[in-house]
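This report refers to the structure that appears directly beneath it.
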Number of protein chains: 2
Amino acid sequence: MSDAKEAIEYAHANHERFLKELSEFIKIESISTDDDYKASVTNAAEWAAEHLRKIGIENVKLMDTGGHPVMYGDFLKNPGAPTVLVYGHYDVQPVDPIELWDTPPFETTVKGDYIFGRGTSDMKGQVMATLNAVEAIMKTGDFPVNLKFLLEGEEEIGSKNMKEFLKKYGEHFKADFCLNPDAGAISADEPTITFGLRGLAYFEMHVSGPAQDLHSGLFGGTVHNPAQALTELVAGMHDANGTITLPGFYDSVRVVTDKEREETAKLPTTPESYLKQTGVPALWGEKEYTPALRTGARPTLEVNGLLSGWTGPGSKTVLPAKAMAKISCRLVPDQDPNEVYNQLVKYMEMNAPKTIKWEIRRLHDSPWAITDVDNNGIRAMAAAMESVWGRQPLYRREGGSIGVVAMLQNICGVESGLVGGGLPDDNVHSPNEHMHLPTWHKNMDAFIHFFFNMK
Amino acid sequence: MSDAKEAIEYAHANHERFLKELSEFIKIESISTDDDYKASVTNAAEWAAEHLRKIGIENVKLMDTGGHPVMYGDFLKNPGAPTVLVYGHYDVQPVDPIELWDTPPFETTVKGDYIFGRGTSDMKGQVMATLNAVEAIMKTGDFPVNLKFLLEGEEEIGSKNMKEFLKKYGEHFKADFCLNPDAGAISADEPTITFGLRGLAYFEMHVSGPAQDLHSGLFGGTVHNPAQALTELVAGMHDANGTITLPGFYDSVRVVTDKEREETAKLPTTPESYLKQTGVPALWGEKEYTPALRTGARPTLEVNGLLSGWTGPGSKTVLPAKAMAKISCRLVPDQDPNEVYNQLVKYMEMNAPKTIKWEIRRLHDSPWAITDVDNNGIRAMAAAMESVWGRQPLYRREGGSIGVVAMLQNICGVESGLVGGGLPDDNVHSPNEHMHLPTWHKNMDAFIHFFFNMK
């Protein structure tokens with residue numbers, strides 16, 4: 001017989017090796033959005049598969065999704081005991097702008113309590129916390145429940161093949177509960193369970209005018225500059241209050257209840273905390289909602305990128321032939337990515353002038369999710385957190401998107417426990433991504449307690 | 001004694017060699033805006049200097065300007081005869097987007113009546129037309145007038161050191177008339193003398209918000225996205241009529257007279273010709289002015305470039321920390337680049353929200369110019385054009401900027417004859433720049449006539 005104490009001691013004793021393994025995992029440049037990194041993405045899946053085999057997981061294999069593979073594994077030695085599905089993703093975001101990194105993104109650097117590197121927080125660090133917790137129990141006794149693993153390589157590109165994959169192979173992933181450590185915590189001292197995630201609809205907007213770039217002196221004043229036309233169209237997508245103007249955009253948005261306003265007001269995510277985390281001179285957004293509601297319960301439309309004309313050093317007096325914006329919407333219940341696409345097209349039809357041509361391309365979608373917090377898995381996790389932090393977790397909605405959560409609900413009937421050691425100032429998706437090591441270990445400990453609590 | 005006929009025969013007999021020499025000149029990648037090409041820019045000046053020595057010009061030397069050098073040369077063998085200053089620039093625009101070129105930009109390709117390559121039209125081709133005309137007269141007899149040469153390497157970056165240079169060395173460049181073939185013609189069949197040029201004020205606008213790129217899901221809705229804020233600020237710089245909204249922008253703009261409206265209405269630059277040249281679905285701009293007036297007599301504000309966030313393939317859900325726009329104004333009499341800078345800053349002070357930080361950087365300025373068409377030089381040129389084309393030239397204002405024209409007027413008291421073989425659809429400043437070879441030769445012939453007419 002084993003217990004959590006013994007496993008936790010094992011985890012702490014193996015701290016240095018765990019860090020070394022995390023560094024190996026980070027080293028594999030698994031940028032899923034960029035085809036140049038395709039082989040590296042597969043290498044990351046294979047590295048994870050090999051690691052799972054090493055710690056005693058069985059039937060480990062890579063499964064074809066049409067895109068980057070899903071890594072499956074299981075450990076089903078406890079008939080009658082619950083089955084926990086462990087979710088994670090082994091892909092990472094691009095590293096641009098690379099010049100703003102203080103250390104090489106794919107070589108981890110430990111400074112004080114923090115480890116730096118692309119994927120440390122989102123989410124190779126979180127994957128390894130979970131696998132380390134599993135290993136610690138395996139190596140110190142009998143595993144108390146059954147396990148399945150689903151590690152994907154397309155989370156950062158909207159899990160675009162996951163829906164079809166789960167429709168085909170959903171039976172493999174049936175479980176009583178999914179442990180998903182991709183959702184992070186409000187702070188190092190505040191264990192957090194996330195119950196709401198926003199969806200995503202990502203677009204490219206292309207505006208074009210003349211057949212090629214023109215001399216701005218010879219044609220400026222007679223030709224609608226596509227870069228200018230693009231700014232006019234993008235600027236019009238919000239009103240002065242920060243409210244989105246796409247026709248019908250809020251029609252399906254669930255009204256925030258008074259109860260949710262009250263609950264959210266208790267969270268420590270205050271205007272001051274947002275100012276401190278971001279460094280902006282002043283906050284922005286819909287005045288009728290607090291920052292926590294704006295990022296959790298309200299949809300957004302963000303410009304993720306702009307490109308047109310001459311962007312190198314110095315000046316070029318060009319009237320660009322075309323301009324591009326990357327635009328994505330975070331969606332909340334009950335918005336549908338297809339509807340949002342239609343609303344964006346409708347907006348363009350209503351507002352684009354006849355002086356330019358335009359095109360909206362869909363890059364990817366991801367559904368929103370609200371998870372049920374009234375179940376054994378959440379209770380086991382809440383108790384585990386209390387054992388480690390000495391306090392009950394906070395419950396919040398979170399602004400990010402994890403597509404698989406709604407898919408597991410809808411296709412496999414599995415509820416997820418959204419947790420994790422990522423913190424808001426970890427610079428995820430940004431230069432100098434890092435992870436707080438003390439929180440990493442607390443999560444490892446909590447996961448060990450969780451598996452025992454699930455028994 | 002020589003005459004124009006003999007020189008023109010020489011020029012036609014040497015067509016193939018002239019083309020070969022032009023190709024050598026084009027081959028030198030003299031992109032003045034990019035420091036990586038600094039050595040090439042000097043090489044182009046040296047190539048031109050060597051060529052002038054070869055055709056018999058004396059005292060050829062490169063003169064330091066603080067930036068790229070000015071090439072000087074003279075031929076002063078006719079005491080009492082007028083002195084013609086030949087102006088040209090040996091620098092070229094960048095070649096991006098390089099992928100849109102059908103042929104290598106620095107290797108000339110002849111297809112039918114056209115020669116392709118960066119600088120063929122703007123303006124190495126025009127420089128060579130002038131030097132070939134000079135050579136043709138030199139090699140077939142006595143040169144009828146005195147000559148000076150001013151070839152600069154910073155025209156495409158606003159002749160930023162020219163003003164100080166001419167203040168210091170203006171005496172070298174005193175002349176009775178300046179032949180400036182950088183202004184182009186309305187069409188191959190319509191010889192053109194340009195009497196008005198717009199000025200230029202070129203800026204970079206930087207908008208920033210958070211200390212680094214943020215995760216768009218975690219912070220979207222509470223932080224004013226700098227890319228969005230930039231689109232809002234840029235979009236607000238024009239009203240729905242295409243009129244510029246910078247405070248006081250039109251205060252110094254000379255009112256277009258009825259006479260100028262009448263004269264411009266006679267030009268063949270119709271709405272249809274603009275549509276055909278550009279390929280845009282519809283024209284744009286101030287309704288109260290014809291396209292020819294909008295590009296000649298009215299000031300403009302153009303977006304020359306946009307850059308923010310993720311612009312590579314696929315999606316990155318980033319809320320960018322900063323955004324940049326390159327913005328330039330074409331100026332008309334009596335606008336002052338310093339005033340326009342102040343107006344832009346004022347606009348930003350009035351309109352930029354407190355949620356972002358901003359900065360306006362001045363890249364370069366160039367003054368507008370109106371030249372006197374009632375002088376011997378213009379009369380000699382008009383007669384030369386009539387000899388070649390069999391028709392009187394058209395007189396027009398042009399939308400581009402050639403900074404040196406106003407400087408030569410104000411500092412050296414020299415009026416310029418603005419002509420040239422560049423045509424509106426030559427793709428100057430754009431991919432696939434090219435020059436119409438029959439027009440090139442007609443200009444060579446006209447320049448030969450011009451020198452004899454100046455006697």
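Would you check which residues across the range B:52-74 are more than 19 Å from B:Met123 (Cβ to Cβ) and not in a strand (DSSP E or B) and list them? Across the range B:52-74, the qualifying residues are B:Arg53, B:Lys54, B:Gly56, B:Asp64, B:Gly66.
Highlighted here are the strands (runs of 3 or more DSSP E) found entirely within the range A:357-455 that include at least 2 residues which are more than 30 Å from B:Pro313 (Cβ to Cβ) and of a type in the set (D, E, K, R): A:394-398. Going through the range A:344-354 one residue at a time, which ones are in contact with a strand residue (DSSP E or B) (Cβ under 9 Å, 6 or more places away or on another chain) and either part of a loop (DSSP other than H, G, I, E, B) or in contact (Cβ under 8 Å) with a residue 24 or more places away in the chain (or both)? Correct list: A:Leu344, A:Met348, A:Ala352. Looking across the range B:406-455, the residues that are aromatic (Phe, Trp, Tyr) and farther than 27 Å from B:Leu275 by Cβ come down to B:Phe447, B:Phe450, B:Phe451, B:Phe452. Name the residue that is surrounded by the fewest Cβ atoms within 10 Å (Cβ to Cβ), counting only residues in the range B:221-237 that are farther than 11 Å from B:Pro320 by Cα and facing chain A (nearest Cβ under 7 Å). Only one residue fits best here, namely B:Ala235. In this structure, is A:Arg330 among the basic types (Lys, Arg), assigned to a strand (DSSP E or B), within 10 Å of chain B (Cβ to nearest Cβ) and in contact with a strand residue (DSSP E or B) (Cβ under 7 Å, 6 or more places away or on another chain)? Criteria met by A:Arg330. For the range B:242-264, filtered to residues that are within 24 Å of the chain's Cα centre (by Cα) and modelled with pLDDT under 95, the residue that is surrounded by the most Cβ atoms within 10 Å (Cβ to Cβ) is B:Thr264.
The residue that is surrounded by the most Cβ atoms within 10 Å (Cβ to Cβ), among those in the range A:265-295 that are closer than 22 Å to A:Glu433 by Cβ and facing chain B (nearest Cβ under 9 Å), is A:Thr295.
Do we find a residue being of a type in the set (Asp, Glu) and either assigned to a helix (DSSP H, G or I) or more than 20 Å from the chain's Cα centre (by Cα) (or both) anywhere in the range A:75-98? No, the range A:75-98 has no match at all.
Would a scan of the range A:304-319 turn up a residue that is modelled with pLDDT of 95 or more, touching a Pro at 6+ places or on another chain (Cβ under 8 Å) and over 19 Å from B:Val207 (Cβ atoms)? There is at least one residue in the range A:304-319 that is modelled with pLDDT of 95 or more, touching a Pro at 6+ places or on another chain (Cβ under 8 Å) and over 19 Å from B:Val207 (Cβ atoms).
Listed here are the residues, each with its yes/no results for (1) polar (S, T, N, Q); (2) touching a residue at least 60 places away in the same chain (Cβ under 8 Å); (3) surrounded by 18 or more Cβ atoms within 10 Å (Cβ to Cβ); (4) outside the structural domain of A:Asn161 (by TED's automatic domain parsing).
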| site | (1), (2), (3), (4) |
| --- | --- |
| A:His15 | no, yes, no, no |
| A:Ile26 | no, yes, yes, no |
| A:Ser32 | yes, yes, yes, no |
| A:Asn59 | yes, no, no, no |
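Filtering the range B:307-333 down to residues that are within 22 Å of A:Val318 (Cβ to Cβ) and free of Cβ contacts under 8 Å to residues at least 24 places away in the same chain, which residue is nearest to the chain's Cα centre (by Cα)? It comes out as B:Leu307. Here B:Glu171, B:Glu164, B:Glu152 are screened, and the one residue that is charged (D, E, K, R) and touching an Asp or Glu at 6+ places or on another chain (Cβ under 8 Å) is B:Glu152.
Screening the range B:433-455 for residues that are under 20 Å from the mean Cα position of the chain (by Cα) and not hydrophobic (A, V, I, L, M, F, W, C) and picking the one that is nearest to the other protein chains (Cβ to nearest Cβ) gives B:Glu433. When the range B:148-184 is filtered for residues that are on the phi < 0 side of the Ramachandran plot, in a loop (DSSP other than H, G, I, E, B) and either out of contact with any Leu (no Cβ under 6 Å at 6 or more places or on another chain) or away from every other protein chain (no Cβ under 14 Å) (or both), the ones remaining, listed by number, are B:Gly153, B:Glu154, B:Lys160, B:Asn161, B:Lys174, B:Ala175, B:Asp176, B:Pro181, B:Asp182.
For the range A:352-394, filtered to residues that are at pLDDT below 95 and within 14 Å of chain B (Cβ to nearest Cβ), the residue that is farthest from B:Pro271 (Cα to Cα) is A:Ala369.
Just one of the listed residues (B:Glu204, B:Glu190) is among the charged types (D, E, K, R), more than 9 Å from every other protein chain (Cβ to nearest Cβ) and surrounded by fewer than 24 Cβ atoms within 10 Å (Cβ to Cβ), namely B:Glu190.
If you go through the range A:207-220 and keep only what is crowded, with 24+ Cβ neighbours inside 10 Å, within 7 Å of chain B (Cβ to nearest Cβ) and among the hydrophobic types (A, V, I, L, M, F, W, C), you end up with A:Leu214, A:Leu218, A:Phe219. Condition first: in contact (Cβ under 8 Å) with a residue 24 or more places away in the chain, part of a helix (DSSP H, G or I), surrounded by fewer than 24 Cβ atoms within 10 Å (Cβ to Cβ) and of a type in the set (D, E, K, R). Can you find one or more residues in the range B:334-341 that meet it? Yes. Of the candidates B:Leu301, B:Leu319, the single residue that is among the hydrophobic types (A, V, I, L, M, F, W, C) and within 7 Å of chain A (Cβ to nearest Cβ) is B:Leu319. Considering the range B:212-245, and only residues there that are small (Gly, Ala, Ser) and touching a residue at least 60 places away in the same chain (Cβ under 8 Å), the residue that is farthest from A:Pro94 (Cα to Cα) turns out to be B:Gly236.
Applying the set (1) touching a helix residue (DSSP H, G or I) at 6+ places or on another chain (Cβ under 7 Å); (2) of a type in the set (A, V, I, L, M); (3) under 30 Å from B:Glu263 (Cα atoms); (4) modelled with pLDDT of 95 or more to B:Leu197 leaves exactly one unmet item: (4). Restricting attention to the range B:94-107, does a residue exist that is aromatic (Phe, Trp, Tyr) and within 30 Å of B:Gly141 (Cβ to Cβ)? No; the residues of the range B:94-107 include none that is aromatic (Phe, Trp, Tyr) and within 30 Å of B:Gly141 (Cβ to Cβ). You will find that of A:Ser387, A:Ser430, A:Ser401, A:Ser416, the residue that is hydroxyl-bearing (Ser, Thr, Tyr), over 19 Å from the mean Cα position of the chain (by Cα) and in the same structural domain as A:Phe116 (by TED's automatic domain parsing) is A:Ser387 and no other.
The values are calculated or read from the model by the stated rules, or taken from the named source; none is laboratory data. Just so you know, these numbers come straight off a predicted model, no measurement behind them. Virtual Cβ from ideal backbone geometry, glycine too; neighbours counted across all protein chains shown.
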